[in-house]
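Down below is the structure, laid out as C-alpha cells.
The values are calculated or read from the model by the stated rules, or taken from the named source; none is laboratory data. All values reported here derive from a predicted model rather than from experimental measurement. For neighbour counting, all protein chains shown are included, and Cβ atoms are generated from backbone atoms with ideal geometry for every residue, glycine included. Protein only, heavy atoms only, side chains kept; ligands, DNA and RNA dropped before computing areas. Shrake-Rupley method; radii C 1.70, N 1.55, O 1.52, S 1.80 Å.
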Amino acid sequence: MQASSSQEFQFSRFVTIMQGCNNFCTYCVVPYTRGREVSRKATDIISEIKTLVKAGTVEITLLGQNVNSYGTTNQVADLSLHYSFPDLLTEVSTIDGLQRLRFTTSHPKDLSDRLIDCFAQLPNLCPQIHLPVQSGSDRILKRMNRKYTIDDYLERVDRLKTIRPDIAITTDIIVGFPGETEEDFQQTMNLLETVRYHGSFSFKYSDRPETSAAGFDGKLSEKEKGGRLQLFQKRQDQISLERNREYLESTLAILVEINAEGKMMGRTVTNHIVHVEQAPANLLPGSFTEVEIVHAGQHSLKGVIAPFQD
Ligand code: SF4
C-alpha cells in the first residue's frame with residue numbers, strides 16, 4: 001500500500017493549507033528550511049477547493065507539514081479566533097461534488113479527539129491516516145523531541161480503530177537513531193506487531209545539517225542500521241500482505257487513475273492501489289467503479305470489474 005498518492009491529476013488534487021513547522025524534531029531540517037508554521041486563510045482554501053471541484057476534481061488531499069496544528073499559530077478565519085483543523089475539514093467536506101477528502105501529514109501529539117471524531121462524522125473523509133511514529137521506544141522518542149509516548153500514540157490508534165474499524169494506518173519509521181539500543185529497536189518491532197500498519201516508509205537515520213541529532217553521541221554503524229532496517233521492512237512486508245489479504249473477495253469502489261490498453265489502476269478509499277486487467281475503455285480516469293478483489297500483494301491489490309453495476 002502506498003502511504004499517499006504520489007501523483008496529482010485534475011480529478012485528484014493536493015491543496016496546501018499550511019507551511020513550515022514549529023516542532024523541531026531533533027533529526028529534521030524542516031523548521032530551518034521552511035521556517036515557522038503559517039496557516040492559509042480558511043476562506044482562500046475553501047474558495048480554491050470550490051473552484052477545483054467545479055472544474056472536475058473529485059478528490060482533495062489537504063497538505064501540510066503538520067495539518068493537525070492548522071490555525072493554532074495564526075488566525076485563519078475572519079470571525080472565529082479558534083478555527084481549527086477539524087473546522088476546516090468539516091467545511092471542506094460539505095463542498096458539493098467532493099467525493100473523497102484526505103489529509104497529510106499528522107503529528108500524533110496534535111491528533112485531537114475532535115479530529116478523530118471527524119472520521120465517524122464526515123462521510124467523504126476517507127478512512128486512511130498517515131501517522132508517523134518514528135520509533136517504538138519512549139527513550140528514543142524523547143531524544144527525537146517527538147513530545148508523545150508510545151502509550152499516548154497507542155491510545156490515539158485505539159480510538160481511531162474504534163471510531164473507524166476499517167481505517168488503514170500507515171507510518172514513518174527511522175531506524176538506528178543515535179543511541180538506539182537493540183532493546184529500543186525491539187520496541188519498534190513490538191509496536192509494528194501491535195498496530196499492524198497497512199504500510200510504512202522506513203529509513204536509516206542519517207545526519208542532517210544544522211539538526212541537533214547530528215551532534216548526538218551513540219551513532220550506529222551503517223551495517224547495524226542496515227541490518228535493523230532489513231528486519232523491520234521484512235516484517236512490515238509480511239504484515240502488509242496479511243492486511244491486504246483481508247480485502248480478498250470483497251467489492252471495493254476505486255477512483256480510476258489510469259486506464260490504457262486494457263490495464264487500469266485506481267485507488268480505494270483506504271488509498272490501496274488496485275490493478276485491473278481487461279478493463280473496459282469507457283471507464284475514464286477520474287471515474288469511480290466497483291471491483292472485486294481477486295489477488296493481494298504486499299504493495300497493491302488486483303481486482304476484476306464487479307458485475308451488476310449500474
Ligand atoms: S519531522 Fe515533521 S513534525 Fe518534526 S520537525 Fe520535521 S516536519 Fe516538523
Filter the range 90-111 down to residues that are away from the ligand (no atom under 16 Å from the Cβ) and of a type in the set (S, T, N, Q) and give me whichever is surrounded by the fewest Cβ atoms within 10 Å (Cβ to Cβ). T94
Output the residues belonging to the range 10-38 that are more than 10 Å from the ligand (Cβ to nearest atom), in a loop (DSSP other than H, G, I, E, B) and either touching a residue at least 40 places away in the same chain (Cβ under 8 Å) or touching a helix residue (DSSP H, G or I) at 6+ places or on another chain (Cβ under 8 Å) (or both). Q10, F11, I17
Being hydroxyl-bearing (S, T, Y), at pLDDT below 95 and in the same structural domain as S106 (by TED's automatic domain parsing): is that true of T51 here? no
What residue, of L229, L241, L220, is open to solvent by less than 80 Å² (accessible area, probe 1.4 Å), at pLDDT 95 or above and within 19 Å of the chain's Cα centre (by Cα)? L241
Any residue in the range 48-76 that's farther than 16 Å from R100 by Cβ and among the polar types (S, T, N, Q): show its pairings with residues that are away from the ligand (no atom under 16 Å from the Cβ) and open to solvent by 60 Å² or more (accessible area, probe 1.4 Å) at Cβ separation under 9 Å, as long as the two are six or more apart or on different chains. Q75/K41; Q75/L81
Would you check if there is a residue in the range 82-89 being open to solvent by 40 Å² or more (accessible area, probe 1.4 Å), in a loop (DSSP other than H, G, I, E, B), farther than 21 Å from Y197 by Cα and modelled with pLDDT under 95? yes
Please go through the range 138-179 and give me each residue that is of a type in the set (S, T, N, Q), open to solvent by less than 70 Å² (accessible area, probe 1.4 Å) and over 15 Å from the mean Cα position of the chain (by Cα), ordered by number. N145, T149
Determine the pairs where a residue that is touching a residue at least 40 places away in the same chain (Cβ under 8 Å), located within the range 252-266, has a partner that is open to solvent by 40 Å² or more (accessible area, probe 1.4 Å) with Cβ atoms under 6 Å apart, the partner being 6 or more residues away or on another chain. L255/F288; E257/P285
Among the residues of the range 60-81, count how many are assigned to a loop (DSSP other than H, G, I, E, B) and of a type in the set (A, V, I, L, M, F, W, C). 4
For the range 39-67, enumerate the residues that are exposed (fewer than 13 other Cβ atoms within 10 Å of the Cβ) and either charged (D, E, K, R) or within 16 Å of the ligand (Cβ to nearest atom) (or both). D44, K54
Could you list all residues from the range 144-157 that are out of contact with any strand residue (DSSP E or B) (no Cβ under 8 Å at 6 or more places or on another chain) and closer than 24 Å to G64 by Cα? N145, K147, Y148, T149, I150, D152, Y153, L154, E155, R156
